[in-house]
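Undergrad: Here you go, one structure.
The values are calculated or read from the model by the stated rules, or taken from the named source; none is laboratory data. What you see is a predicted model, and the numbers here were worked out from it, not measured in a lab. As a convention, Cβ positions derive from the backbone with ideal geometry for all residues, glycine included, and neighbour counts pool all protein chains shown. To get the accessible areas, we keep the full protein, side chains included, count just its heavy atoms, and leave off ligands, DNA and RNA. Shrake-Rupley method; radii C 1.70, N 1.55, O 1.52, S 1.80 Å.
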Amino acid sequence: MTTTPLPPVPADVAQRIVRCESMHPHDVLGAHPASVDGVQGVVIRAFLPNAATVSVLLGEHEFPMARDEHGLFVAFLTDRRTPLTYEFVVTTGDGRRTTQHDPYRFLPTLGDMDLHLFNEGRHLRLWEKLGSHPCIMNGVEGTAFAVWAPNAVRVSVIGTFNNWDGRAHAMRMLGTSGVFELFVPGIGAESLYKFEILTQNGAKRVKTDPYAFKLEQSPGFASIVQARSNYGWNDGSWLAQRAESEPLREPMLVYEVHLGSWMRGEDNRELTYAEIAPKLAEHVRRLGFTHVELLPVQEHPFGGSWGYQVGGYYAPTSRFGTPDDFRYLVDTLHQAGIGVLLDWVPAHFPKDDWALRRFDGTACYEHADPRLGDHPEWGTHIFNYARHEVRNFLVANALYWIEEFHIDGLRVDAVASMLYLDYGREAGQWLRNRHGGRENLDAMAFLKQLNHAVQSLHPGVITVAEESTAWPKVTAPISDGGLGFTFKWNMGWMHDTLDYYKVDPFFRKGAHDKLTFAMWYEYSERFMNPLSHDEVVHLKKSLLEKMPGDVWQKLANVRTLMGYSVTRPGKSLFFMGMELGTHHEWNHDASLEWHLLEDPKRRGLMEYVGALGALYKELPCLWRGDHDPHGYRWIDVADREQSVFSYARFDGREHAIVVLNLTPVPRHAYRLGAPVQSTYRVALNSDAAQFGGSSYPVAPLADTEPLPYHGFEQSLTISLPPLSMLVLVPETLPPEASVTSDAGSAVSTKRDAKVKKAKVPKLPKAPKLTKPAKSSKVDKPSKAAKPSKSAKSTKAEKAPKVETVEATATVPNAVSSSKSTVAKQPAASPRSAKPPAKRTRKPVPAKAKPEDASTVVPARQRTTRMRTTPTDTLKHEK
């Protein structure tokens, strides 16, 4: 056995290795079969620029390596075959002697199928292949690194283990995939690393790993190797229940949370995931919320972005702990019966030079053309959804959070900016699609791929679109031409509702339609009603300070607003702190103002939120039919003079009546049509003293009378407190035959059925709070007018022109044999529409309020069909 003579290597190939310009270092370095003068053996080459001498260690024998004219260390071992197990003994210039494995003697850690699926955009577990992964190769412990940089000349992994020297660990490109890979022996968990990339123009770029599981905190941006998690989950029953769930027909009351500012410790210290977990779980459970929605927890260098400018898509922010600590947070919430939604940002990414931007010196993740790749309003880059590898990066990322962290749903941020090529751009600043339109066809395809992957692989997991325009079928099935989201944020409802609540109650009758208009398009999508963080920042004021009047009136308005959101169709979302009645806008650098709970009025507000949440979960009629027109009907939509709104929610025959009095004037003996002849119980009164209300006298029970009203054969009277919401439920449900309305007598198939006892919850128990000290003086509402007489008649609001089609329908609590008309909203403006033809009605008693044209038909006989979806700025005709 000898180490000479040395097999030659082409000079240009050797020079590319020495100059660190090779994308195929394994072709030269490592062990290769060779023949010298007819002698077979193995040649071993190494490039160790900081070594003085190097030897090959085979078992207990060392074989010195010679340095050739190019600077490579070379040894030729006769009578040897590959694969060959060996190590290097390296002596540095200062005499230090170390033993290390050769990274260039190991096979690739990615297979051909992995690369094929990735290049097609279909690798659904991509995070297990790209990035950094501690593993054992041929009995040697180390870390496998892989990164996509298709236009790089050379990629090296650098870190504390090689003094950040890009010459030490150059990676190899695998075929034409654009993926560079290297197994580095001796590297374990918590090692810091980056990628040094040599671009085609000769520049060097140092990048963090796009697939890193953990990143340094600013000002550093190194990736951190993470061992495979062995966290022991305890939410198996939750996941099993989720897989069998029907999110559309189940309660969903969402608490939106920014982890960094929900609660802080002494000296404004940010709490860890582990510290937050039990506190947050107990808080949202007591208030009756079913889910929390976390503002982005993906790593982001700038806290002021609230997480929406992501630097590490696969890394939970290390501000609050480790990835396993975040798993503990989710696990704790699941064990408390609370689902976890996550804000997710696939629309754009920041221009941080250490992250995705121009990753290999070219536009990898973004478009090269700024008319497609730059977002002018946010100063960020837009993902290139036409590229398979980029789509795979994002789809796999969504699945990563669901599978690795048991996330129950993704709220997809800024969907509108993804769908429109001209979003936020002036004429000439954007490019049309191949059909000449402004729709981003590639983004559409990506969103469909995303929703299909999530729903097919993880039943019960939801996706929610923050989409604020008239884009159709956002929540329609993909098979029907839709995008496939589970829910869409109802931005139009949010803006109209807040605009209404800002109006002084004296003038609210002029803004009445702002609160009713959303029902025109309610069933065009499956909506979620958001009162989110975006509405309490940037000088928009806190929710409390948006309200007119004194402190008492402001708090009363907040109670009715939250109650209205929860009791109308659609799921509801509230941003943290709304339960405290804060005067200040949200500050991401400080804790919520928990000290406000020392004020009895604020404690009352929180108690009300808890009672509202409990009632919501106990009454299926408030959520099971959220997206079914049969689950809702107006009782009186047109009492604009008194600013009173009333409607009923249905789940089969079970139902609840909701009445909102949105002025500080109480209404004595206010008459309402009732769906059934029964005694109705006040299940929730937002004006109750325990909630900080005025405790205006309201009878706990109201009996119906056989007096037709609001399209029903019976009605009741009840006093309405100032600025209040009442929820009424029937104590008993009569036989189906007795449920009638002026649409015609009901025909029952169970005329002799016994009276059914309805499940009527008592006033829900509020969260357990320490009894506050008695206040010497409680804010009272503004001086109210004397109780009015029975409701005055008002002119029926001019109704829009409708098309009628024959349809067999049923009254919510009866079986009707008659045919009825189904209202269909025309595309034309309601201003120019003509009222529908008059209908023959029974005489109305002199003291009764005339029926409004838009409310006389029971819910299951009148359905509104929208031809278009309103934008977030769509305004109704007055």
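Undergrad: Can you tell me, using C-alpha contacts under 8 Å and at least 6 residues apart, the relative contact order of region 126-170 as a whole percent? Display every interim value, and only then the final one.
TA: Details: 45 pairs, mean separation 11.1, N = 45.
Once normalised by length, the contact order is 25 percent.
Undergrad: For residue 246 and residue 585, what is the calculated FRET efficiency with R₀ set at 35 Å and r taken between the beta-carbons, to the nearest 0.05? Could the numbers behind the result be given before it?
TA: Details: r = 37 Å, r/R0 = 1.07.
Computed FRET efficiency for residue 246 and residue 585 comes out at 0.40.
Undergrad: How large a share of the accessible area of region 538-631, in percent, is made up of carbon and sulfur atoms when the probe is 1.4 Å and the other protein chains stay in place? The partial results should precede the final answer.
TA: Details: 1470 of 2720 Å².
That share works out to 54 percent.
Undergrad: Per residue, how much accessible area does region 626-684 have with a 1.4 Å probe, in Å²? Let's see the in-between values first.
TA: On the way: 1230 Å² over 59 residues.
Per-residue value: 21 Å².
Undergrad: Determine the sum of side-chain charges near residue 20: Lys and Arg each +1, Asp and Glu each -1, restricted to other residues whose C-beta is under 11 angstrom from that of residue 20. Present the calculation step by step, with values, prior to reporting the outcome.
TA: Values: positive: 16, 19, 154, 167, 204; negative: 21, 165, 196.
Neighbourhood net charge equals +2.
Undergrad: Using a Förster radius of 56 Å, what is the FRET efficiency between residue 267 and residue 509 based on their Cβ-Cβ separation? Nearest 0.05, please. If you can, show how the numbers build up before the last one.
TA: On the way: r = 51 Å, r/R0 = 0.91.
Efficiency, from the Cβ-Cβ distance: 0.65.
Undergrad: To continue, here is another question. Got a sec to turn the phi values of region 690-699 into Karplus ³J(HN,Hα) couplings, 6.51 cos²θ - 1.76 cosθ + 1.60 with θ = phi - 60°, whole Hz, x for Gly and Pro?
TA: With the stated coefficients, region 690-699 comes to 5, 9, x, x, 7, 6, 4, x, 9, 5 Hz.
Undergrad: Might you tell me the accessible area per residue for region 434-563, computed with a 1.4 Å probe and given in Å²?
TA: Numbers: 4230 Å² over 130 residues.
On a per-residue basis, region 434-563 sits at 33 Å².
Undergrad: With contacts defined as alpha carbon pairs under 8 Å and 6 or more residues apart, what's the relative contact order of region 248-312 in percent? Don't skip to the end; give the middle numbers.
TA: Values: 66 pairs, mean separation 22.7, N = 65.
Averaging sequence separation for qualifying contacts and normalising by length gives 35 percent for region 248-312.
Undergrad: What is the sum of charges, Lys and Arg at +1 and Asp and Glu at -1, for the other residues whose Cβ falls under 11 Å from the Cβ of residue 531?
TA: Values: positive: 546; negative: 256, 534, 535.
With Lys, Arg at +1 and Asp, Glu at -1, the neighbours total -2.
Undergrad: Next up: Toward the positive end of the charge dipole of region 91-200, about the Cα centre and with charges on Cβ (Lys, Arg +1; Asp, Glu -1), which of 115, 173, 142 goes farthest?
TA: Value: 173.
Undergrad: Moving on. Evaluate the charge dipole of region 93-135 about its Cα centre and quote only its size in Debye, nearest 20, assuming +1 on the Cβ of each Lys and Arg and -1 on the Cβ of each Asp and Glu. Intermediate values should be presented prior to the final figure.
TA: Values: 6 positive and 6 negative charges, 35 e Å.
Here the size comes out at about 160 debye.
Undergrad: Can you tell me how region 286-400 classifies by the Cα gyration tensor, rounded, prolate or oblate, using a/c under 1.5 as the rounded cut?
TA: On the way: a/c = 2.24, a/b = 2.16, b/c = 1.03.
Here region 286-400 falls in the prolate category.
Undergrad: Shifting gears a bit: Take the alpha carbon atoms of region 643-673, find their center, do the same for region 250-296, and report the distance between the two centers in whole angstrom.
TA: Here the two parts' Cα centres lie 33 Å apart.
Undergrad: Round to the nearest 0.05 the FRET efficiency obtained for residue 679 and residue 444 when R0 = 45 Å and r is the Cβ-Cβ distance. Spell out each step's value before the answer.
TA: On the way: r = 53 Å, r/R0 = 1.18.
For residue 679 and residue 444, the calculated efficiency is 0.25.
Undergrad: Let me ask something else. From the square roots a ≥ b ≥ c of the eigenvalues of the alpha-carbon gyration tensor of region 1-79, which class results: rounded (a/c under 1.5), prolate (a/b over b/c), or oblate?
TA: Values: a/c = 1.95, a/b = 1.34, b/c = 1.45.
Cα axes put region 1-79 in the oblate bin.
Undergrad: With a ≥ b ≥ c taken as the square roots of the eigenvalues of the C-alpha gyration tensor of region 230-320, please select rounded if a/c is under 1.5 and otherwise prolate if a/b is larger than b/c or oblate if it is not?
TA: Working: a/c = 1.72, a/b = 1.51, b/c = 1.14.
Since a/c reaches 1.5 and a/b is larger than b/c, the shape of region 230-320 is classed as prolate.
Undergrad: Now for a different question. Using alpha carbons only, what's the Rg to Rh ratio of region 10-52 with Rh from Kirkwood?
TA: Radius of gyration over Kirkwood radius for region 10-52 works out to 1.02.
Undergrad: Filter the cross-link list 279/617; 488/601; 546/571; 351/540; 473/541 down to pairs whose alpha-carbon distance in this structure exceeds 30 Å. Could you put the intermediate results ahead of the total?
TA: Numbers: 279/617 22 Å; 488/601 34 Å; 546/571 23 Å; 351/540 28 Å; 473/541 33 Å.
Exceeds cut-off: 488/601; 473/541.
Undergrad: Would you mind calculating the gained length between residue 141 and residue 85 on full extension (0.36 nm times residue separation, minus the Cα-Cα distance), in nm to one decimal? If you can, show how the numbers build up before the last one.
TA: Values: separation 56, 0.36 × 56 = 20.16 nm, distance 1.39 nm.
Contour length minus Cα-Cα distance gives 18.8 nm.
Undergrad: What residues of region 485-518 lie in the reach of a label at residue 456, counting those whose backbone N is under 17 Å from a point 7 Å from the Cα along Cα→Cβ?
TA: Once the point is set 7 Å along Cα→Cβ of residue 456, 485-486 turn out to lie under 17 Å by backbone N, inside region 485-518.
Undergrad: Quick check: at a probe of 1.4 Å, how many percent of the accessible area of region 353-424 sits on carbon and sulfur atoms?
TA: Values: 800 of 1790 Å².
That share works out to 45 percent.
Undergrad: Related question: Assuming 0.36 nm per residue, please report the length gained on full extension of the stretch residue 37 to residue 128 beyond their Cα-Cα distance. The partial results should precede the final answer.
TA: Numbers: separation 91, 0.36 × 91 = 32.76 nm, distance 4.57 nm.
Extra length available between residue 37 and residue 128 comes to 28.2 nm.
Undergrad: Taking a probe of 1.4 angstrom, what is the accessible area of residue 473 in Å², to the nearest 10?
TA: About 100 Å², ignoring ligands and nucleic acids.
Undergrad: On full extension of the chain, what length is gained from residue 628 through residue 94, given 0.36 nm per residue of separation minus the C-alpha to C-alpha distance? All intermediate terms of the calculation are to be shown ahead of the outcome.
TA: On the way: separation 534, 0.36 × 534 = 192.24 nm, distance 7.88 nm.
Length difference between fully extended and current span is 184.4 nm.
Undergrad: With every protein chain present, what accessible area does residue 20 have (1.4 Å probe, heavy atoms only), rounded to the nearest 10 Å²?
TA: Here the residue's solvent-accessible area equals roughly 10 Å².
Undergrad: Which whole number in µm²/s is D for region 359-442 by Stokes-Einstein, with the Kirkwood Rh taken over Cα pairs at 20 °C and 1.002 mPa s?
TA: Numbers: Rh = 14.2 Å.
This corresponds to a translational diffusion coefficient of 151 µm²/s.
Undergrad: For region 46-145, what % of the accessible area comes from carbon and sulfur atoms, probe 1.4 Å?
TA: 50 percent
Undergrad: Projected onto the charge dipole of region 390-546 (+1 at Lys/Arg Cβ, -1 at Asp/Glu Cβ, origin at the Cα centre), which of 478, 505, 429 gives the Cα projection farthest towards the positive end?
TA: The Cα lying farthest towards the positive end belongs to 429.
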